[in-house]
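Presented below is the structure to which this report refers.
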Number of protein chains: 2
Amino acid sequence: MSAAAAPTDDKAAAEAPVVLLAGGSALPELLIAALERRGRAVKILAFRGFAARALARRADLVIDLIDYKRALAALKAWQPSEIVLVGTVTRPKPIAFMGALSAYRNREEIAAILGSGDDGLLGGVVRVLEEEGFTVGGIDRLAPELLAPQGQLGAVAPDSESWSSIARGLAVLDALSPFDVGQAAVICAHWVAAIEGPEGTDAMLRRVQRLRRGPRLRATHGGVLVKTAKREQDLRVDMPTIGPKTVIRAAAAGLQGIAVGAGTTLIVEIERTIHEADRRGLFLFGVDLAGSPPQSR
Amino acid sequence: MSAAAAPTDDKAAAEAPVVLLAGGSALPELLIAALERRGRAVKILAFRGFAARALARRADLVIDLIDYKRALAALKAWQPSEIVLVGTVTRPKPIAFMGALSAYRNREEIAAILGSGDDGLLGGVVRVLEEEGFTVGGIDRLAPELLAPQGQLGAVAPDSESWSSIARGLAVLDALSPFDVGQAAVICAHWVAAIEGPEGTDAMLRRVQRLRRGPRLRATHGGVLVKTAKREQDLRVDMPTIGPKTVIRAAAAGLQGIAVGAGTTLIVEIERTIHEADRRGLFLFGVDLAGSPPQSR
């Protein structure tokens, strides 16, 4: 491995870089830092309107999500060792993908992809890149230190009731695994209070917070957020993610803690996430899922 | 069967009556009318704050939900042929059941019941009544004409995409069957847009309406509401229910129609419900579920 080079440094071009197709959140910066620690050359292709401003400034190229031709030209010029999809481009206008996909697929196939959930949507992008001969990698392999480790992460341990709720939450998510739907659920006293849909984890936690004001959940104290990858989930396409905001929202919803799948869930700003959990008295636990956990393919 | 007697007529006492433990919604009145058509004697025990005012006025007894002793005394005096739980007492303060249950169960058992979802909660009431020697019946057997019949109910038929979404919705609900959670889901273009939690069908449809404003669902036109009983669901305790309001909310959420389990779903004001669906161009379909449909036990 060569000595670390600033990712925007043209001299790094000698080594086949890891190319980040970067959307929003702090995750792209964290991945860049992790790759730099490993001495990997990095190129950043940032999506306009999704990537954070600071990231866009240091990016090698900033393009519109629909500008498939420019993206492809850049990728071909850079000859990456692998490409990583990182950061949120959640709920983009599907039309943004139409241009990219229409070069390869007919309208019916596009409609099928658009109608097949987020995984199907981003999975389509991965397929197109692979058809072009590129290797698409996953954060779980490139920078495993960004993933939830196994075991208790903060100062608080789950109590036995929380363990019972965690088990139930994992069972609910496992039952939903064949469907492209929520990777998260909230269980209060063994009772399923919410299953995440396309609204996302934060909106689901706000829903629980509202339910908490109602008589039923008010009496049922505590509860846990369980979030994990689906069985067979392609972690290159979408990884369950939590961060400090998740902890804050979970606390506001009156929950006792958060359990995530160890090795399959990203924790954005892990130190701050643990700190926020500790100061609110929430547990944070990385569950080692029995059987074969999802893997990057 | 004796000649029909007004349900509040004391002369009807000669025949063992059907006793309605009546909560909110138009359903108790509909069931009373259905029982009267059959010449059954009826006694009404209305729950204060839940039963509609008109129903409370004609009720034989109006009690607080917690007033277990008065309810039991009335039931013993009336010697019902059977008791039916009808109308919504959804999301009462669990404390309302504490008095009733504490006579029979210790705190831990009560906590387990309260923590086991709505079915567990109302199932506890059914168990207590049965322990007292009463027969608890279901609307599906007493007045099957209040249930969704099989087949197309209005003027509109589901198209092939809707059928595909209906199948997916049924599969999602079937997967969730072991858990005391949503009896309803919204599928848009084969994509799970929402699963109902304790917020109820109307709130879930409002959520879909909000998602519809977002870019993802805006592009995915149509969608269906699928609502059905869980496998093994005790229909005496809780029956999936729709009505005119459900149709109005489904239309506002941009859905193309509603599919319900035939014979296991109540349709409040069926004529008006069909009328509202027809004038909005929504289909309304009673799906005959393969295998053994849930039955009153």
Of segment A:260-285, those with amide N under 18 Å from the point 7 Å along the Cα→Cβ vector of A:D202 are A:266-270, A:272-274, A:276-277
Taking every residue of A:165-172, the Cβ atoms of other protein chains inside 10 Å of its Cβ average out to 2
Check: segment B:147-287 dipole with +1 on Lys, Arg Cβ and -1 on Asp, Glu Cβ, in debye: 620
List residues of segment B:41-75, by number, whose backbone nitrogen lies under 16 Å from a label position 7 Å along Cα→C-beta of B:S81. B:41-44
Other chains' Cβ within 10 Å of A:226-234 residues: what's the mean? 0
Which whole number gives the average, over all residues in B:197-210, of C-beta atoms from other chains lying within 10 Å of the residue C-beta? 3
Provide the buried accessible surface between chains A and B in square angstrom, both chains summed, 1.4 Å probe, rounded to the nearest 100. 2900
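With every protein chain kept in place and ligands, DNA and RNA left out, what is the accessible area per residue of segment A:175-237? Probe 1.4 Å, answer in Å².
Here the residues of segment A:175-237 average 29 Å² of exposed surface.
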Quotient of Cα Rg and 2.2 N^0.38 Å for segment B:38-80, N being how many residues it contains: 1.18
Express the C-alpha Rg of segment A:147-287 as a ratio against the empirical globular expectation 2.2 N^0.38 Å, rounded to two decimals. 0.94
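The values are calculated or read from the model by the stated rules, or taken from the named source; none is laboratory data. Since the structure is predicted, the reported quantities are computational estimates derived from the model, not experimental observations. So basically every Cβ, Gly included, is an ideal-geometry build from the backbone, and we count neighbours across all protein chains shown. All accessible areas refer to the heavy atoms of the entire protein, side chains included, with ligands and DNA or RNA removed. Shrake-Rupley method; radii C 1.70, N 1.55, O 1.52, S 1.80 Å.
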